[in-house]
Amino acid sequence: MLTNCRHIILTALAFNICLLLYPVVLQAQQAEKERLQQDKLRIEQDIEYTNKLLAETQRSKQTTLNQLTLLRKQINQRDELLKKIDAILAELSRQVKQSTDSIQLLKDEIQRFKDEYAQMIAAAQKHSNAHQRLMFIFSASDFNQAYKRIKYLQQYSAFRRLQAENIRHSQNELTRKITELEVQRAEQLSLRLAYEREKDQLSQELKKHNQSVQSLSRRERELLAKLRENERALNRLQKAIEDIIAEEIRLAKKAAEDAGEAAPESFALTPEQILISNNFAANRGKLPWPSERGVIAATFGEHPHPVLRGIKTRNNGIDIVTHEGAEARAVFEGEVINVLTIPSLNNVVILKHGEFLTVYSNLDQVYVKRGDQVQHRQSLGVIHTDAGEARTRLHFEIWKGKDLQD
């Protein structure tokens, strides 16, 4: 009997430990699901913004490269969203399985607790009065066993209450787990429906994309002319920036010669400008966007043209498509060293951050002038909107001394 009681106690303790550890595992799984949900929400917001930009392009009477760019971006976003929904569904499936297994475990444990409790009641009836309890103690083979029996009788009543509490607690936990499982299954069903809707949307967007490519392919001569015009504008911009850099270096060398010092290889920097330069370098990869919102339409480097076969385009920075009326903003504190006007790129603002330059092209209205000190995220001007293509596009570059930066 004593051995059986110890077995029941140890089993109950083990089960209670499992119940205590389960919320820790559940919390980790819930944190992962919440992270996936946040990613899903972010992508949905990106898709909504891309839809807004696409709606603006509908003012153009013909298909444009801007529409094609946004459609491709939307397709990529939709594909990413489907992957996130799939990941959330997989996580929910794991949670549903774990909840189902836990419910079965709880049912088994409740039944075992009830069976053991019944055995305890039956055993207790054998010593239900004082005479029987005394006989149980005096029938021990030695003093040590008699002492153990006394302790056993003292603890038996408390343990019966503990076993009854275990049954009650397990039944409450079972009810909670069943409710949790129902919520998980409802969420699973809702996500599966959302997944199918997004797949349909993706199919429609792919169809629109293919139609746009076909439409643009019939206007190759026009697209090639626009491409060459854009290349000429970017070449003029590059030449202007190189001239500005060369002049800065020339002035730095002249100042060094006048002071009898060694000529610098790049810009002449004050201690404060060196600090700004070092801070800028340390923040590369963490700089804010040069516009509050937008979609990257073209990245740094050489890429195949989206429509013209065998034609490659080169970009010295990135192009960001944003909404009409959007403003360009400084990605870091610095000084305005020039404001230019270049055909096809409109107004250009160039900021200096120690040995780094940032270039903001295709602005209409400009808020700053040469010599101004600007702060992090300060507005520089309104980004130009091309009425013919219904496109608001910012061209952004970073230079370090004479070298372009990716």
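Where a number appears in this text, it was derived from the coordinates with a stated rule and is not lab data. Given the structure is predicted, the values throughout are model-derived calculations rather than measurements. Cβ placement follows ideal geometry from the backbone for every residue including glycine, while neighbour counts extend to all protein chains displayed.
The trypsin sites (Lys or Arg not before Pro) found in segment 333-392 that occupy coil by DSSP, while having at most 16 further C-beta atoms within 10 Å, are Lys369, Arg370, Arg377. First measure r as the distance between the Cβ atoms of Lys114 and Arg197, then evaluate 1/(1 + (r/R0)^6) with R0 = 60 Å and state the FRET efficiency to the nearest 0.05. For Lys114 and Arg197, the calculated efficiency is 0.80.
What you get for segment 294-406, charging only the Cβ of Lys and Arg (+1) and of Asp and Glu (-1), is a dipole of about 200 debye around the Cα centre.
A simple spin-label model places pseudo-atoms 7 Å from Cα toward Cβ; at Leu269 and Ser190 they are separated by 5.3 nm. Residues within the reach of a label modelled at Ala259 (point 7 angstrom out along Cα to beta-carbon, backbone nitrogen below 15 Å), restricted to segment 310-354: there are none.
On a straight-distance basis, which lysines could pair with Lys84 in a cross-link, Cα separation under 24 angstrom, same-chain partners fewer than 8 positions away excluded? By straight Cα distance, Lys84 reaches Lys33, Lys40, Lys52, Lys73, Lys97, Lys199, Lys207, Lys208.
Look at Glu333, Glu116 and count the other Cβ atoms within 10 Å of each Cβ; fewest to most, that gives Glu333, Glu116. Compared with the direct C-alpha span, the chain from Lys148 to Asp39 gains 33.1 nm at full extension, assuming 0.36 nm per residue.
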